[in-house]
Ligand SMILES: Nc1ncnc2c1ncn2[C@@H]1O[C@H](COP(=O)(O)OP(=O)(O)OP(=O)(O)O)[C@@H](O)[C@H]1O
Ligand SMILES: [Mg+2]
């Protein structure tokens, strides 16, 4: 299955967009006697010993076209690491990951990423400039670019702010710019790393509805990292619950509720509680 | 101005102290009226600053007038102003200003291009060029005037040597600011460009240059300041070219012509402020987070 030519032909409608096969990811770090991870770099005078930090292990997951997958787990369990592997910024230590049947090696415009940091939105560019960055880098003509940008701005409801600079926008608007910038090229796969982690509850709920709307209007696959249980159940149709580090799959919970979802319905609360229990299992003390 | 006897021995008409103070008072009166009429242009704080300056000039004039300090060593402002007007009227000052501005602009442009290029090379493309860093650090601590002898040997006496020395003074602040700027580039910003299919050079254009912009501007402001400081030293080696404010100051100093020295000092100070204001104008061009 690792052969490229073979898997290419197998890819067609209905088959997996992403295949993650038994991957493990370790980082090489330096630890002191108490086994605490100190730093990636070793100073020449330090007595710390090199050690291995396993972020993810024996992780297998298939994602189909049009799925909305939420990666849910405690802090430090390797969610971002997995997303970065899918984006092509990290390579797994063992196992393999394919996208549309091809091994992932390096970033690709077909796999867009919404970063958590608000610094990912360039302060020196306007809203328009930020959203137009992807099309520009892909050599899209000025006119086509303008059209694509205008369309996306409408979709994320930022009309009237085309010429505004990021520092004049609210946190919620900034995240909408980040989302717009990622979807403007219509990527096959949208990777989102806790995009609304830093926002207040109300703004966050509003943006969640946005994401659902975007997901429904553009046919695309989304992998969404969060540690907010309700957010995962509200958005996804597949919630992948991680164990604590090293991150393994604890359970994949299917959410077969139609959108828009009612947070107060019995089924919703039932699924939410189920996920809560799954996460709490690993931390009996918390 | 080749062949001119320098310094020009006759000074033109000299303003009398009374006359000078009258003119000063008139200027102050006009400014007071302007302050009332156009308070947003001639602001109160500007008036306060000008009042202090006026006070200093008047005291200085009186000190010379009553010969509290020997006016040969401290010529009165009325004399400095008169000489400046005279040197301007015969076209002598313009030549010196042009020559100095030419050299400093030349050196500044060279320093900006070389400083940013080398700064990016040793920090952004660091694995290849980082060996340059310690080498450059060693050069940096040697003050630009110390290069005088080498400059003369390498470039001869003339403009090129002067430009070299001024360049040395401006280059390092710009280089260091570019290096500091590159360190401020964030990984997410680089990765953003990479996810859109950009390469290392797209990252350079779309991220590195905008990020280092403000840092380089700060470096440029410090650099141009050092540039003006270096001008007087640098123009020591312009002797055969016989031009520039620094040369004018040097030559008059030797002849104990303090008035001309002061004209030169005043002009360098004035041009320094102007150049700083010009660089400052570029600040708002690329917005940042603040
Ligand atoms: N480049 C790296 N070098 C060393 N260790 C790393 C590196 N990246 C991640 N790690 C480690 O891997 C583990 C998983 O990190 P990761 O960022 O994937 O967690 P996460 O699940 O996204 O957590 P959070 O919810 O807090 O964002 C952590 O212990 C982290 O310290
Ligand atoms: Mg994370």
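Data for the structure
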quantity: Residue check, residue B:198 free of Cβ contacts under 8 Å to residues at least 40 places away in the same chain and either closer than 30 Å to residue A:110 by Cβ or part of a helix (DSSP H, G or I) (or both); calculated: yes
quantity: Members of the stretch A:55-75 found to be within 16 Å of ligand 2 (Cβ to nearest atom) and surrounded by 15 or more Cβ atoms within 10 Å (Cβ to Cβ), listed by number; calculated: A:55, A:56, A:59, A:69, A:70, A:71, A:72, A:73, A:74
quantity: Residue check, residue B:238 away from chain A (no Cβ under 14 Å), surrounded by fewer than 22 Cβ atoms within 10 Å (Cβ to Cβ) and either under 19 Å from the mean Cα position of the chain (by Cα) or at pLDDT below 90 (or both); calculated: no
quantity: Verdict on residue A:192 being away from ligand 1 (no atom under 16 Å from the Cβ), under 28 Å from residue A:138 (Cβ atoms) and surrounded by 15 or more Cβ atoms within 10 Å (Cβ to Cβ); calculated: no
quantity: Among the candidates A:125, A:82, A:133, A:137, residue that is away from chain B (no Cβ under 12 Å) and either without any contact (Cβ under 8 Å) to a residue 12 or more places away in the chain or crowded, with 20+ Cβ neighbours inside 10 Å (or both); calculated: A:82
quantity: Residue match in the stretch A:68-75 (condition: assigned to a helix (DSSP H, G or I), modelled with pLDDT of 90 or more and near ligand 1 (Cβ under 10 Å from one of its atoms)); calculated: no
quantity: Residue A:117 vs. criteria within 9 Å of chain B (Cβ to nearest Cβ), surrounded by fewer than 19 Cβ atoms within 10 Å (Cβ to Cβ) and within 15 Å of the chain's Cα centre (by Cα); calculated: yes
quantity: Exclusive hit being surrounded by 11 or more Cβ atoms within 10 Å (Cβ to Cβ) and modelled with pLDDT under 85, set B:21, B:15; calculated: B:15
quantity: Residue ranges of helices (runs of 4 or more DSSP H) in the stretch B:56-158 with at least 2 members in contact (Cβ under 8 Å) with a residue 12 or more places away in the chain; calculated: B:77-89, B:92-123, B:131-140, B:148-155
quantity: Unique residue being within 14 Å of chain A (Cβ to nearest Cβ), modelled with pLDDT of 90 or more, crowded, with 21+ Cβ neighbours inside 10 Å and more than 19 Å from residue B:102 (Cβ to Cβ) when the list is B:203, B:216; calculated: B:216
quantity: Qualifying positions in the stretch A:149-165 - within 13 Å of another protein chain (Cβ to nearest Cβ) and surrounded by 18 or more Cβ atoms within 10 Å (Cβ to Cβ); calculated: A:165
quantity: Some residue of the stretch A:99-113 being within 14 Å of chain B (Cβ to nearest Cβ), at pLDDT 90 or above, within 16 Å of ligand 2 (Cβ to nearest atom) and surrounded by fewer than 20 Cβ atoms within 10 Å (Cβ to Cβ); calculated: no
quantity: Pick from the stretch A:77-96, criterion farther than 16 Å from residue A:190 by Cβ, part of a loop (DSSP other than H, G, I, E, B) and within 15 Å of the chain's Cα centre (by Cα), ranking: farthest from ligand 2 (Cβ to nearest atom); calculated: A:90
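The values are calculated or read from the model by the stated rules, or taken from the named source; none is laboratory data. On a predicted model such as this, the values are computed, not experimentally measured, just so you know. Every residue, glycine among them, receives a Cβ derived from its backbone with ideal geometry; neighbour counts consider all protein chains shown.
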